[in-house]
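What follows draws every value from the coordinates through simple rules; no lab data is involved. Since the model is a prediction, treat every value here as computed from it, not as a measurement. Here the Cβ is made from the backbone with ideal geometry for all residues, glycine too, and neighbour counts use every protein chain on show.
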Amino acid sequence: MKNNHQKIAVVALGGNALLPENQQGTFAEQQANADAAAEVILGIVGSGYEVIIVHGNGPQVGQILAQNEESAHKIPMMPLDVCVAATQGTMGYMLSTALQRAIKESGIPKNTLSILTNVVVSQNDPAFQKPTKPIGGFFSREIAEEMAAEKGWQVVEDSGRGYRRVVPSPQPLSIMESEAIRELALAGNIVIACGGGGIPVALIDGQLIGLEAVIDKDLASSLLAAEIGADLYILLTGVDQVAVDYGQPNMRYLKKMKVSEAEKYLDEGHFPPGSMGPKIKAALDYIAAGGQEVLITSAEKLKEALEGESGTYIVA
Ligand code: ADP
Ligand code: MG
């Protein structure tokens, strides 16, 4: 049960925050990134919130897929939902040990734990007819066509960098473990949940089945924040603030947006589909479901943003 003083923050960490493009992805690199993320998370705890972390897994699930692909002649390949589950384990482990270290140093009386999270989608989601989300390695056209024929993959040319497998990205409908996640957070644990957007599952003829898809972590974290009634939903990403006319000479950073303004700017095309668009939609969904406040900012500026000195707030 929530007492009167308790506030819950759901924090979505971009996949790139834990493995930037310019890194190889060694264990030492990922561990160092997790340590930095842990410091940032403790800053939120320090501001008086019970914290639930949702991390992306784009680069990491890509690496697990590549391992599967490389060794397919020796070890049977695992379906994509199993690979997503694997990243919840590896990334949950790295983040939670980093948090344990940071907690120990700070003396904050908290524990941390990581929850394998299943997210229900519809097997009839139109995304299954039209896969759009590129994952895994880049292939030559020849290899890509071979994979398409052999494994039934759908492949696309990805912005001049080569061919990639695309998978469905269905709408998350509900999170199976949200009640437990909420209770664990209220009991004083820092909870890592819904990693990589969650493991996509569907109830098919009353049976729980994993599906080969990836769920957008912005949409999944928004749903989690709504389901548990979070007081604050934070999206940490590569920019300090959201802008209109992003990247243009007349670019203007926004300190605060009302829902109506966010909707208007979204309609006007200020927030593109593959990057800021899903975050703004995630923010609007959360508020539409009864949420109060969303903060979009970078890890570097989070502390200032929590004090109202940076970041972009979207409010009901
Ligand atoms: P994440 O890995 O956190 O999901 P994305 O790259 O998907 O990050 O989305 C965040 C990026 O969107 C920012 O780093 C920025 O480069 C870009 N972006 C696009 N439009 C805007 C905008 N209007 N304001 C701020 N950033 C924007
Ligand atoms: Mg993104």
Karplus ³J(HN,Hα) for region 4-15 (6.51 cos²θ - 1.76 cosθ + 1.60, θ = phi - 60°; Hz, whole; x = Gly/Pro) runs 4, 8, 7, 10, 10, 10, 9, 10, 9, 9, x, x
Please go through region 214-301 and write out the GluC sites (Glu not before Pro) that DSSP classes as loop and that have at most 11 other C-beta atoms within 10 Å. 268
Hull volume in cubic angstrom per residue (convex hull over the Cα atoms of region 117-189): 128 Å³
Taking Cα pairs under 8 Å and at least six residues apart, what relative contact order does region 56-181 come out at, in percent? 26 percent
If one takes the longest principal axis of the Cα atoms in the chain, at what angle in degrees, from 0 to 90 and to the nearest 10, does the Cα axis of helix 58-70 lie? 20 degrees
Would you grab the residues whose amide H sits under 5 Å from the one on residue 53? Only those 5+ places off in sequence or on another chain, please, with H modelled 1.01 Å from N. 11, 191, 192, 193
Cα-Cα P(r), region 166-280, percent of pairs per 5 Å interval: 2, 9, 17, 19, 16, 14, 12, 6, 3, 1, 0
Size descriptor, Kirkwood hydrodynamic radius, that averages inverse alpha-carbon separations across region 7-112, Å: 14.9 Å
In whole Å, what three semi-axes, largest first, describe the equivalent ellipsoid of the chain built from its Cα gyration tensor (square root of 5 times each eigenvalue)? 30, 23, 20
Only Cα pairs within less than 10 Å get springs; with that Gaussian network setup on the chain, which residue of 149, 288, 202 has the largest fluctuation? 149
Summing -39500 (n - 2.57) over every DSSP H run of at least 4 residues in the chain and dividing by its residue count gives a helix-only mean residue ellipticity at 222 nm, to the nearest 500 deg cm²/dmol, of -12000 deg cm²/dmol
Work out from phi, with θ = phi - 60° and the Karplus expression 6.51 cos²θ - 1.76 cosθ + 1.60, the ³J(HN,Hα) of each residue of region 186-202, listed in order in whole Hz, and give x for Gly and Pro. 5, 7, x, 8, 7, 10, 9, 8, 6, x, x, x, x, 7, x, 10, 9
Using mean Cβ contacts within 10 Å as the protection proxy, how do 52-64, 273-285 order, highest first? 52-64, 273-285
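Restricting attention to region 200-275, which trypsin sites (Lys or Arg not before Pro) occupy a DSSP loop and are surrounded by at most 13 other Cβ atoms within 10 Å? Display every interim value, and only then the final one.
On the way: sites: 217, 252, 255, 256, 258, 264; in loops: 255.
Those that pass, being in a loop and sparsely packed, are 255.
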Spelling it out for residue 293: with amide H atoms placed in the peptide plane at 1.01 Å from N, the residues 5 or more places away or on another chain with amide H under 5 Å from its amide H are 233
5 Å is the cut-off here: which amide hydrogens, built 1.01 Å from N in the peptide plane, fall below it relative to residue 118, excluding neighbours closer than 5 in sequence? 176, 177, 199
